[in-house]
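**Student:** Have a look at this one.
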Amino acid sequence: STSRQQNQPQGHYGLTSPISLAPPNDKDHIHTQKLIEAMKPFGVFEDQEELYHRTTVLGKLNNFVREWISELAENKNLPPAITEQVGGKIFTFGSYRLGVHTKGSSDIDALCVAPSHVERSDFFQSFFEKLKNLEEVKNLRAIEDAYVPVIKFELDGIEIDLVFAKLSLPTVSDDLDLRDDSCLKSLDIRCIRSLNGSRVTDEILRLVPNLENFRLTLRAVKLWAKRRGVYSNIMGFLGGVSWAMLVARICQLYPNALASTLVNKFFLIFSKWDWPKPVLLKRLEESFLNLPVWDPRVNPSDRYHVMPIITPAYPQQNSTYNVSVSTRAVMVEEFQRGLEVTDEILKGKSDWSKLFEPLNFFQKYKHYIVLTASAFTEEHHLNWIGLVESKIRVLVGNLERNEFITIAHVQPQSFPGKEDLYKESGYVSMWFLGLVFKKAESAVKTNVDLTHGIQSFTDTVYRQASALNILKDGMKIEATYVKRKQLRYFLPAETLQKRKKQRVSNISQNNSGLQCKRSSLGESCSDGSKDRDSNTPSNSSSLNKISKLDISTAETERLFFISRPNSKSQVSPTEMEATVALRTSGPPIACTIPGYNTVCQLRTCFVQGHHKLSGTLITDPKSASPKQHYSPTSKVSHPPTSGECSPKAIDGEKARKGGLGQGGFEIRLSSKELPDSSSPVPTNSIRIIKRSIKLTLNG
């Protein structure tokens, strides 16, 4: 199926002339067929039976909406002549409208368009009640306070997300064209947002030269993005509409190319794209409606968007405002990998399965933050993790603003908490963030404080939860720093299986100066990573001493930490010795944290009064001399404040020379760094956990 853009000459789509008009050759056809075969095992193609079922369900929903709108007109005493013609219509958008929905699992994004006598309150009240009375409707729920208000439900087994918009028209005809800007006249912002999804999707389809090639290429790119962990708008990567616009731009530049070539050109163009130069499918348009549009010349906030991809329908918006410096860097690296792989494929040196190898996120980094969200009941947990997940990009932004962090990479997939670790926490979900630290420029050890960024994130979540009235007893967020080897205490073995190490690659960040060297993405990660593995070896008792909090009392004690490298190991300049300071209470605890055998060993002792560390008795920590301290916001040394302990000189000659050395001892700050009374989080009976995470970066 081929569609030509209206009123535009063949071969000229978008802002510029095409790069190439070359027709496909025999090899292109062969490579494209192999691409199709490689995607089939992933269920990206829907069979005719499923397609027919979806079409039938949408027809039923359309009739149901028209019936409801007509009944509403009668109840509001509209003239009979109008009641018979009020109409109403269901439009689709998203992956279904684009023609790239997948087999079995894809929901349908739909829009209910109603005439002027129908109010939004009618949609969420009388229409909702009408749906509730249908036997074929399951899992019905309304989210009226969302950015785009929506009713979610299943109709005959098909998941549907239905948004609502009313037009300033007395009737809605079957031939209504939403691409006309006049349909936006006199509408409130929620209706404009609801209409925007359908208008953008239709405009994308109008702006590509060949729908068949576009759809096949988009299927391949979406599959690749999901396998490589860069498909998530909410987490700061790209969502479906953004990937569709990128693919559409490549189709404009190579209007006659087949999917195999287009996939390769996709990686070629966007691995070299001069971000934050925007991606546009057509010129920005003016309108008599004077709605706010993306324009960095007028809107200062638009100037800070790092990867702008602009929707083609008025009012034009940036679909990637969630993207951060770190997530852009991760995607650019993936574009570079995709280019290398597809170059090999087109040269006959590899096959398409290599492109779709999943990211082995848990072998990629040396340092991780484990974020857990827990609640006592399943209902509370679903509400809680939805809110936490929507704010994780705030945490990523906070971390990457730390002067010592180069990359903060979140894995979009969440994982269930292991039962042996979280028996008393109820329902638990975990997210993992990989960290890359800047290489130290001198031999002096540097303290890296992650406390403020993490605390700011948790405050944001609790504040939002309170505002939405969903904060319940038992809802907690916890953040824990771990090294790669300690991930086995949180995840099943098959998720962490090691793969063959790839070559070291660079992440280059245009216009940001962001560049770092690290090992490239691992080859794969088990698809069954969400399964709990009771056979995974773990020492929950030891792990709890670094990952669990004792909240039996509000008192906060000072924590003393010692970090000693293994005498048999050589610590490289970029290796980290890390300590995690937790708010705690209760009896003295002595523990050895597992997982620090090969590079460094971390012993943590929580002791009231005296502090016995590795056989050395320390009785008066306040008498220690000050040490230069580095924080994300300051590089100047400062004396200890009230309630703050300085480093204690130990280990003989090394300590007397003023350095931490191999046996460096450091005292962590007291609770004054974790303000309770001044926190913006609403005060109530629910205890809010505060956590300090500080690392020591070796020079």
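**Student:** If the limit is 27 Å between Cα atoms, which of 138/476; 76/130; 76/185 go over it? Spell out each step's value before the answer.
**Tutor:** On the way: 138/476 30 Å; 76/130 17 Å; 76/185 24 Å.
Those over the limit are 138/476.
**Student:** While we're looking at this one, here's another question. Which cross-chain or sequence-distant (5 or more) residues have an amide H under 5 Å from the amide H of residue 360, H modelled 1.01 Å from N in plane?
**Tutor:** Here the answer is 522, 523, 524, since their amide H atoms fall under 5 Å of that of residue 360.
**Student:** Any chance you could run the full-extension gain for residue 438 through residue 377? It's 0.36 nm times the residue separation minus the Cα-Cα distance, nm to one decimal. Walk me through the numbers before you get to the answer.
**Tutor:** On the way: separation 61, 0.36 × 61 = 21.96 nm, distance 4.11 nm.
Working it through step by step, the gained length comes to 17.8 nm.
**Student:** Give the peptides 397-405, 90-98, 172-180 in descending order of average Cβ contacts within 10 Å, highest first. If you can, show how the numbers build up before the last one.
**Tutor:** Values: 397-405: 18.9, 90-98: 22.1, 172-180: 12.8.
Going by the mean number of other Cβ atoms within 10 Å, highest first, we get 90-98, 397-405, 172-180.
**Student:** Using a simple spin-label model with points 7 Å from Cα along the Cα→Cβ vector, what separation in nm is obtained for residue 175 and residue 143?
**Tutor:** 3.7 nm
**Student:** Let me ask something else about it. Using modelled backbone amide H atoms (1.01 Å from N, in-plane), which distant-in-sequence or interchain residues come within less than 5 Å of residue 89's amide H?
**Tutor:** 113
**Student:** Could you calculate the FRET efficiency of residue 494 with residue 75 from 1/(1 + (r/R0)^6), where r is the beta carbon distance between them and R0 is 56 Å, rounded to 0.05?
**Tutor:** Details: r = 58 Å, r/R0 = 1.03.
The computed FRET efficiency comes out at 0.45.
**Student:** Residue by residue through the stretch 157-172, what is 3J(HN,Hα) from phi via Karplus (6.51 cos²θ - 1.76 cosθ + 1.60, θ = phi - 60°)? Round to whole Hz and write x for glycine and proline.
**Tutor:** Once rounded to whole Hz, the list reads x, 9, 6, 10, 10, 10, 9, 10, 8, 10, 9, 7, 10, x, 9, 10.
**Student:** Would you please give the FRET efficiency between residue 67 and residue 304, computed as 1/(1 + (r/R0)^6) with r the Cβ-Cβ distance and R0 = 56 Å, to the nearest 0.05? Please list the in-between numbers first.
**Tutor:** Values: r = 48 Å, r/R0 = 0.85.
The calculated FRET efficiency here is 0.75.
**Student:** Rounded if a/c is under 1.5, else prolate if a/b beats b/c, else oblate: with a ≥ b ≥ c from the C-alpha gyration tensor eigenvalues square-rooted, which is the stretch 45-203? The partial results should precede the final answer.
**Tutor:** On the way: a/c = 1.63, a/b = 1.32, b/c = 1.23.
It is prolate, given that a/c is not under 1.5 and a/b is the larger ratio.
**Student:** Just the number please: accessible area per residue for the stretch 309-369, 1.4 Å probe, all protein chains included, in Å².
**Tutor:** Details: 1680 Å² over 61 residues.
On a per-residue basis, 28 Å².
**Student:** Right, next: Tally up the carbon and sulfur contribution to the accessible surface of the stretch 45-203 as a whole percent, 1.4 Å probe, everything protein left in place.
**Tutor:** Working: 3540 of 7530 Å².
For the stretch 45-203, the apolar C and S fraction of the accessible surface comes to 47 percent.
**Student:** Still on this structure, please answer the following. Of the cross-linked pairs 277/364; 222/366; 60/132; 152/364; 40/89; 34/103, which ones have a Cα-Cα span greater than 26 Å in the structure shown? Let's see the in-between values first.
**Tutor:** Values: 277/364 29 Å; 222/366 28 Å; 60/132 15 Å; 152/364 37 Å; 40/89 34 Å; 34/103 19 Å.
Checking Cα-Cα distances, 277/364; 222/366; 152/364; 40/89 exceed 26 Å.
**Student:** Shifting gears a bit: Might you report the magnitude of the Cβ-based charge dipole of the stretch 303-372 about its Cα centre, with Lys and Arg at +1 and Asp and Glu at -1, to the nearest 20 debye? Could you put the intermediate results ahead of the total?
**Tutor:** Working: 8 positive and 7 negative charges, 47 e Å.
With Lys and Arg at +1 and Asp and Glu at -1, about 220 debye.
**Student:** Determine the shape class of the stretch 24-111: with a ≥ b ≥ c the square roots of the Cα gyration tensor eigenvalues, call it rounded for a/c under 1.5, and otherwise prolate if a/b is greater than b/c, oblate otherwise. Don't jump to the answer; show the numbers that get you there.
**Tutor:** Working: a/c = 4.76, a/b = 3.26, b/c = 1.46.
Prolate shape, in that a/c is at least 1.5 and a/b is the bigger ratio.
**Student:** All other residues with a Cβ under 12 Å from the Cβ of residue 259 taken together, and with Lys, Arg as +1 and Asp, Glu as -1, what is their net charge?
**Tutor:** Values: positive: 34, 215, 219, 265; negative: 28, 212.
Neighbour charge sum, excluding residue 259 itself: +2.
**Student:** Measuring with a 1.4 Å probe in the full set of protein chains, what accessible area per residue, in whole Å², belongs to the stretch 214-275?
**Tutor:** Details: 1260 Å² over 62 residues.
That works out to 20 Å² per residue.
**Student:** Which ³J(HN,Hα) values in Hz, rounded to whole numbers, follow from the phi angles of the stretch 130-136 under the Karplus curve 6.51 cos²θ - 1.76 cosθ + 1.60, where θ = phi - 60° and Gly and Pro get x?
**Tutor:** Per-residue couplings from phi come out as 5, 5, 4, 7, 8, 5, 7 Hz.
**Student:** Report the gain in length on full extension from residue 354 to residue 152: 0.36 nm times residue separation, minus Cα-Cα distance, nm rounded to one decimal. Before the final figure, lay out each step's value.
**Tutor:** Numbers: separation 202, 0.36 × 202 = 72.72 nm, distance 3.66 nm.
Fully extending the segment from residue 354 to residue 152 adds 69.1 nm.
**Student:** What are the residues whose amide H is under 5 Å from the amide H of residue 350, where those residues sit 5 or more places off or on another chain and H is modelled from the backbone?
**Tutor:** Amide H to amide H, under 5 Å and 5 or more residues apart or across chains, residue 350 pairs with 345.
**Student:** Still on this structure: Can you tell me which of 236-245, 135-144, 364-373 comes out highest on packing, and rank the rest after it, using the mean Cβ neighbours within 10 Å? Spell out each step's value before the answer.
**Tutor:** Working: 236-245: 23.9, 135-144: 12.4, 364-373: 21.2.
Highest to lowest by the protection proxy: 236-245, 364-373, 135-144.
**Student:** Would you tally the net charge around residue 119, using a Cβ to Cβ cut-off of less than 14 Å, leaving residue 119 out, and scoring K and R as +1, D and E as -1?
**Tutor:** Working: positive: 76, 120, 166, 190; negative: 122, 144, 188.
Around residue 119, the surrounding residues sum to +1.
**Student:** Using the heavy atoms of the protein chains alone and a 1.4 angstrom probe, what is the accessible area of the stretch 45-203 per residue in square angstrom? Before the final figure, lay out the partial values.
**Tutor:** Working: 7530 Å² over 159 residues.
For the stretch 45-203, the solvent-accessible area averages 47 Å² per residue.
The values are calculated or read from the model by the stated rules, or taken from the named source; none is laboratory data. Just so you know, these numbers come straight off a predicted model, no measurement behind them. Using ideal geometry, Cβ is built from the backbone for each residue, glycine included, and neighbour counts are taken over all protein chains shown. Note: areas computed on protein heavy atoms with side chains; ligands, DNA, RNA excluded. Shrake-Rupley method; radii C 1.70, N 1.55, O 1.52, S 1.80 Å.
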